[in-house]
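Here's the structure we're looking at; comments come further down.
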Amino acid sequence: MSEEKSKGISLRTKRSKRPAISAPKQISGPIQQTGGPPRSNGGQAAFDPPPQRPQMGGKTSDLVKRRYSTRFNNLPTDYNAAAPPVPSMPSLPNQFAPPNDRGRGPSPGRGPGLNVDVKALRDPNLRPEQYIAGLLSDASEQDIDEYQQALQKLRNRASTDLQQNVYQNRTQFIKISKEAEKLKGEMRALKNLMSDLKTNTTALRAASSQGPVASNDFDSGFPSTLSKRDKRSSVADRTAMWNSQLQALWKTVEGSQKFLPAVPGRHVVQNAGLWIELDNATWKSRRAMQIILLNDHLLIASRKKRKVEGNGADQRQAPSKLVADRCWPLLDIEMVDLAGTSESTSGRNKVADAIMIRGVGQESFTYRTEKPDDNEKQSLMMNFRKAVEELRKCLRTEMESSNKAKETINYFASRDPGLLKKTELLETLSDIKDMLIEVEGKQQNLRWVESQVDELDIDIALQRFDTAVQRVEKLNSLAKSLKSNVVAQDFISFKADERATKLAGLITRELVDTHNEPKKTRRNVLWLARLGFEDRAREAYLEARSNIIQKRSRQCIFEGNLHQYIWEVSFVYFTIIRNTVSTFQACFQASVMSACVKWAKEQVDAFNIILARQLSSTERGGPLWMECMNQAKEHAKMLSEVGLDFKSLIGRDVSDSSQNGTPVGLAMDTNMEDVGRAPEPSQLSPVEEPTTIPTLDGWIESLMKCKQLAEVDVQRLCNKVCGLRRSQWCLQRKCPVTVCGDIHGQFHDLMELFRIGGPNPDTNYLFMGDYVDRGYYSVETVTLLVALKIRYPQRITILRGNHESRQITQVYGFYDECLRKYGNANVWKYFTDLFDYLPLTALIDQQIFCLHGGLSPSIDTLDNIRALDRIQEVPHEGPMCDLLWSDPDDRCGWGISPRGAGYTFGQDISEAFNHNNGLTLVARAHQLVMEGYNWSQDRNVVTIFSAPNYCYRCGNQAAIMEIDEHLKYTFLQFDPCPRAGEPMVSRRTPDYFL
């Protein structure tokens, strides 16, 4: 006892045997606990089943009792009676838990939830139902939810790992694919090289085995074996050799040139020698043939006996000759070796050395060589396959280059449809899509130019005009710097000019809207000048100021006080003129100041017309007359502030007109003045020199040589036409007459029309409009027609077309042509003022109704047309617009025109119109027809187009319609006349008809 006390009291028993630890085993279900209480993850003993109580008595129990009976009298200060007797043990981490216990968790309320055993789930022999039943047999609902959440997290983690693996594998797959494609190309090249090597070695072996063989007469023409000289690598020598071979072939084989014309690169590959043509059914010999293989064709020549012509015939000629019998492209036929298809030994001599050519329709031809011991057949088969492969390779290369060119064209055309009319530029761009240009020291391609154009389009759309103008200037300067690269220069210039035109249109519209604000006007004019549209800015600004003068003067109401009315009108006129001149001096250069002075004089003349009209009923020199005149001169003094002195012009010619009793301005229709029509050009700028017949003949002779008239002469012509009375513009014509369609500035084709239709004084001509725009000689064309109208007023009738308009001519070329040829827009203004006086329709013998466009839903009878006010600009809608813009259609009734103006009308409309007005035919122009004329709507409507090869690229014919005294129609078609050259045109006009 004393020995035990000296060692101390211990509740542990000594173990004499160490426990044995077995190797881990795979389990498919929960382990049955048989040898003792199971332990939880935390290392504590489980409570089910409860442990057995130790038996009473014994040495150990006495020690326990003594231990528990110990009494402590003094408790520590930090003693907490509510604390548990033993602190809770932390749970064991999952990674340190035994493998067999990871899949099971403690019972509810005794520790953390169930853990997911990944290794058990990866077991291929896992039975999920049994595993779940054993694992969750004692689990609570909370444990099941936690276990389910753990499985979901594991699933998400596995999905993420799978996705990362897919990305990794995809990257590796792409890399491997690239390497495989590279390797494939190298293998293909190696295969081709090996094939060439095999071909060469076979040919060398065949040549070495044959030895020197005497060549026949045909081989002497073009030998199959090349000499040392022919084997030289010079391209020029090779081409010359091929040409000599082809000429020798033409000379040797009669009729071969018909099958094989001279084509660059065509040459003879092999002369296969003599062959026998066999019957396909019996294999019997038919006739002797010669086979010649070219690089793209297979020629079969038959041997025929040469005719002996008397005793004088050349005895040295061969007794037979070769005549071309058949010739096929190599890609259309198939050559089959019959040696592998023959099964019977009896046919060995006939078929084993034969070939069959198939693929020519439904026929097949069989040929047998005369030299079965030679390798002639094998050489022919090998050369045939090689030639076919080379042809396919060339076709594949051409197709790839064509697809590449189409891809480039589609790329640029889809981004800018305006390039479609620049076919030459698109063809050049197809080869240099990735061409590099130097921009500010950096190398850029054309796609960079496209990006700059896109940014420019965005600036234009958002009306950031300052930035847009800078971008246009940058593109223009870039184009000028590329002097060595013409293609890139043309491409950039086209893009810049197209955007500049669009931008100038927007700025011009803003200039017209804000012309009364000097700061904005100066800014807009500066932008237009930088874009190169200073002339358009000047014209637009002065026209807007003219319109505001007319608008403000018409707001002055006459209420019986003449002095007050004259005061208001003169104040409006001279105040606006002064402000306009002041703003013009600040915005434009001094070199163009003459245009503003001329405009101011025109406005003063217009004021004089109003003044003369109002003072016509007053006594000349009377108090009221003098008071009004003095008031007008007083207001005219305002012009001295801007350096103009027009006091002497105020009231000029008023005295003479008052004495004659006819005030200035009554020569024109005063009703037109009330609705806002400007005074006639003849009254604004009277021409003092009369236009005589010799002068007209001289002008016509000069115009016939395509020489333009001086600006003053053009003004005299236009004023002469505007001065004609309306009775001289008779709408009714008598037969015979020649009806013509659109001309569109194609002067040389107009000369061809006069040559076919007859000379001018002897033939009645009726032109149905569209004399200007699109062509390169609109000025010469319309000037000649106007001069002929004045010289032969009863022989020439010119109607108005939709292009005889101020708005259309500014877009489709006539305005720019006038600026290019005269340096200003005065000629354009003379002609556009003249266009307002052209008649809209004509009637031939009360039966044939002629006009430019088509019918209108607002017009039922001819009287409705006579009631129209035609002396005005073409409106955007209404009957006048319909007569110039409408088109016939296959559908009945009225329809919306795709042109954006006018209507489409069906056969029922034209039949009703002709019936109501007693007509037999409606003759019109306005539409491109490829044959020059086209009947439609059951021959109720005919369309005539007289501009061949429209826009110099459409390839159409032109036609005119001759109507004789008996109203019989005859159409004369003609092709375009050759031109000496084309003028330099800086801007291209849009093709709205595409």
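The values are calculated or read from the model by the stated rules, or taken from the named source; none is laboratory data. The model shown is predicted, which means the values in this text are computed figures rather than measured ones. Quick reminder, even Gly has a Cβ in these numbers, built from the backbone with ideal geometry, and neighbours come from all protein chains shown.
Taking strands (runs of 3 or more DSSP E) as the structural unit, those lying wholly within region 743-861 and holding at least 2 residues that are over 23 Å from CYS722 (Cα atoms) and touching a residue at least 40 places away in the same chain (Cβ under 8 Å) correspond to 848-851. Tallying residues that are without any contact (Cβ under 8 Å) to a residue 40 or more places away in the chain and either in a loop (DSSP other than H, G, I, E, B) or touching a helix residue (DSSP H, G or I) at 6+ places or on another chain (Cβ under 7 Å) (or both) within region 900-948 yields 7. Filtering VAL472, VAL453 for residues that are hydrophobic (A, V, I, L, M, F, W, C), in a helix (DSSP H, G or I), surrounded by 14 or more Cβ atoms within 10 Å (Cβ to Cβ) and within 18 Å of the chain's Cα centre (by Cα) leaves a single hit, VAL453. Within region 542-560, if we keep just the residues that are of a type in the set (S, T, N, Q) and part of a helix (DSSP H, G or I), the residue that is farthest from MET593 (Cα to Cα) turns out to be SER553.
In the list PHE607, PHE588, which residue meets the criterion of being of a type outside the set (Asp, Glu) and under 23 Å from LYS551 (Cβ atoms)?
On the way: PHE588 fails: under 23 Å from LYS551 (Cβ atoms).
So the residue among PHE607, PHE588 that is of a type outside the set (Asp, Glu) and under 23 Å from LYS551 (Cβ atoms) is PHE607.
When region 540-596 is limited to residues that are of a type in the set (Asp, Glu) and within 27 Å of GLU627 (Cα to Cα), the one that is surrounded by the most Cβ atoms within 10 Å (Cβ to Cβ) turns out to be GLU568. The residue of region 810-825 that is nearest to ALA537 (Cα to Cα), among those that are touching a Phe, Trp or Tyr at 6+ places or on another chain (Cβ under 9 Å) and small (Gly, Ala, Ser), is ALA825. The residues listed here are VAL439, VAL388; of these, the one that is of a type in the set (Val, Ile, Thr), over 27 Å from the mean Cα position of the chain (by Cα) and modelled with pLDDT of 60 or more is VAL388. Identify all residues within region 588-622 that are farther than 27 Å from LYS520 by Cβ and touching a residue at least 60 places away in the same chain (Cβ under 8 Å); write none if there are none. Hits for region 588-622 are ASP605, ILE609.
Looking for whichever is assigned by the TED database to the domain that holds GLU517 and modelled with pLDDT under 85 here; the options are GLY665, GLY643. Which one fits? Don't jump to the end; show me each part of the working.
Working: GLY665 fails: assigned by the TED database to the domain that holds GLU517.
Checking each option against the conditions leaves just GLY643.
Among the residues of region 972-990, the ones that are at pLDDT 90 or above and surrounded by 15 or more Cβ atoms within 10 Å (Cβ to Cβ) come to 2 in all. Each residue in region 673-713 was checked for being under 24 Å from VAL604 (Cβ atoms) and either at pLDDT 85 or above or of a type outside the set (D, E, K, R) (or both), and 13 pass.
For region 725-739, the criterion of being within 39 Å of the chain's Cα centre (by Cα), outside any helix (DSSP H, G or I), at pLDDT 90 or above and closer than 20 Å to LEU851 by Cα is met by at least one residue.
One residue stands out among those in region 487-534 that are touching a residue at least 12 places away in the same chain (Cβ under 8 Å) and not in a helix (DSSP H, G or I): the one that is surrounded by the fewest Cβ atoms within 10 Å (Cβ to Cβ), which is ASN516.
Only one of the listed residues (ASN949, ASN940, ASN916) is closer than 24 Å to ASP860 by Cα and surrounded by fewer than 18 Cβ atoms within 10 Å (Cβ to Cβ). That residue is ASN916.
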